[in-house]
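Read the structure below first, then the notes.
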Amino acid sequence: MQRKILFFLYAICLVISIPAHARSPAPEDAKAFILSPRDGATVASPFVVQFGLSGMAVSPAGEKRANSGHFHLLIDVDTLPPMDQPIPKDEHHLHFGKGQTKTKLQLPPGKHTLQLLLGDYQHIPHDPPVISDKITITVTAPEQGK
């Protein structure tokens with residue numbers, strides 16, 4: 001009986017010490033960036049956001065390739081998601097798992113922040129994370145009659 005308890009405790013210790021997900025490596029010089037709009041821009045909704053990446057390749061989710069990943073656009077996110085877990089998928093964390101490098105966004109008028117986070121084939125941030133600078137934009141109401 002005592003052996004079973006010790007084995008059980010040992011198994012629990014192993015599970016606790018193993019990270020939830022292994023992270024894919026990224027080159028130290030890899031960079032994600034937002035090509036447009038520019039930081040501080042005023043845009044009318046809907047507007048296009050263009051993504052940029054250097055030092056790595058863009059590949060679809062589910063395809064395990066070295067030095068590659070796909071974009072996730074973080075909208076109005078104050079705290080980054082955990083770096084050892086898949087990036088959430090909701091209205092603040094948009095996934096571009098087909099390898100898209102741009103999107104059309106419709107946001108309510110006001111100030112908003114945008115930031116890119118590259119995810120690997122499992123939507124997990126790389127090690128080190130490939131993340132853009134956060135930009136702030138001001139969205140105006142769509143023009144009437146268009």
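Taking the range 26-42 as the search range and keeping residues that are under 16 Å from Gln115 (Cα atoms) and of a type in the set (A, V, I, L, M), which one is nearest to the chain's Cα centre (by Cα)? Lay out the reasoning, then the answer.
Going residue by residue through the range 26-42, those that are under 16 Å from Gln115 (Cα atoms) are 30-41.
Then drop every residue that is not of a type in the set (A, V, I, L, M), which leaves 30, 32, 34-35, 41.
Numbers: Ala30: 14, Ala32: 10, Ile34: 13, Leu35: 16, Ala41: 22 Å.
Among residues in the range 26-42 that are under 16 Å from Gln115 (Cα atoms) and of a type in the set (A, V, I, L, M), the one nearest to the chain's Cα centre (by Cα) is Ala32.
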I'd like to know if the range 41-49 contains one or more residues that are in contact with a Leu (Cβ under 7 Å, 6 or more places away or on another chain), surrounded by 13 or more Cβ atoms within 10 Å (Cβ to Cβ) and among the polar types (S, T, N, Q). yes
For residues that are loosely packed, with under 14 Cβ neighbours inside 10 Å and among the small types (Gly, Ala, Ser), tally how many sit in the range 57-97. 3
What are the pairs with Cβ atoms under 6 angstrom where one residue, in the range 27-42, is of a type in the set (A, V, I, L, M, F, W, C) and the other, located anywhere, is in a loop (DSSP other than H, G, I, E, B)? Sequence gap at least six, or different chains. Ala30/Gly55; Ala30/Met56; Ala30/Val130; Ala32/Val130; Ala32/Ser132; Phe33/Ser132; Ile34/Ser132
Are any of the residues in the range 73-80 closer than 16 Å to Gly52 by Cβ, modelled with pLDDT of 95 or more and either in contact with a strand residue (DSSP E or B) (Cβ under 9 Å, 6 or more places away or on another chain) or not β-branched (Val, Ile, Thr) (or both)? yes
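Every residue in the range 78-130 that is among the aliphatic types (A, V, I, L, M) and without any contact (Cβ under 8 Å) to a residue 60 or more places away in the chain, please.
Step one: of the range 78-130, the residues among the aliphatic types (A, V, I, L, M) are 80, 83, 87, 94, 105, 107, 114, 116-118, 124, 130.
Matches in the range 78-130: Leu80, Ile87, Leu94.
Out of the strands (runs of 3 or more DSSP E) lying entirely within the range 75-144, which hold 1 or more residues that are within 20 Å of Lys31 (Cα to Cα) and β-branched (Val, Ile, Thr)? Quick ask: steps written out before the conclusion?
On the way: elements: 93-96, 102-105, 110-119, 135-140.
Correct list: 102-105, 110-119, 135-140.
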Inside the range 43-62, the number of residues satisfying the requirement of being assigned to a strand (DSSP E or B), touching a residue at least 60 places away in the same chain (Cβ under 8 Å) and over 15 Å from the mean Cα position of the chain (by Cα) is 3
Against the definition (in contact with a Phe, Trp or Tyr (Cβ under 7 Å, 6 or more places away or on another chain), at pLDDT 95 or above, within 24 Å of Lys64 (Cα to Cα) and surrounded by 13 or more Cβ atoms within 10 Å (Cβ to Cβ)), how does Leu105 come out, yes or no? no
Residue count for the range 17-69, restricted to those that are of a type in the set (S, T, N, Q), more than 16 Å from Asp133 (Cβ to Cβ) and in contact with a Lys or Arg (Cβ under 6 Å, 6 or more places away or on another chain): 1
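The values are calculated or read from the model by the stated rules, or taken from the named source; none is laboratory data. From a predicted model like this one, the values you see are computed outputs, not experimental measurements. Counting neighbours? That spans all protein chains shown, and the Cβs are built from the backbone with ideal geometry, glycine included.
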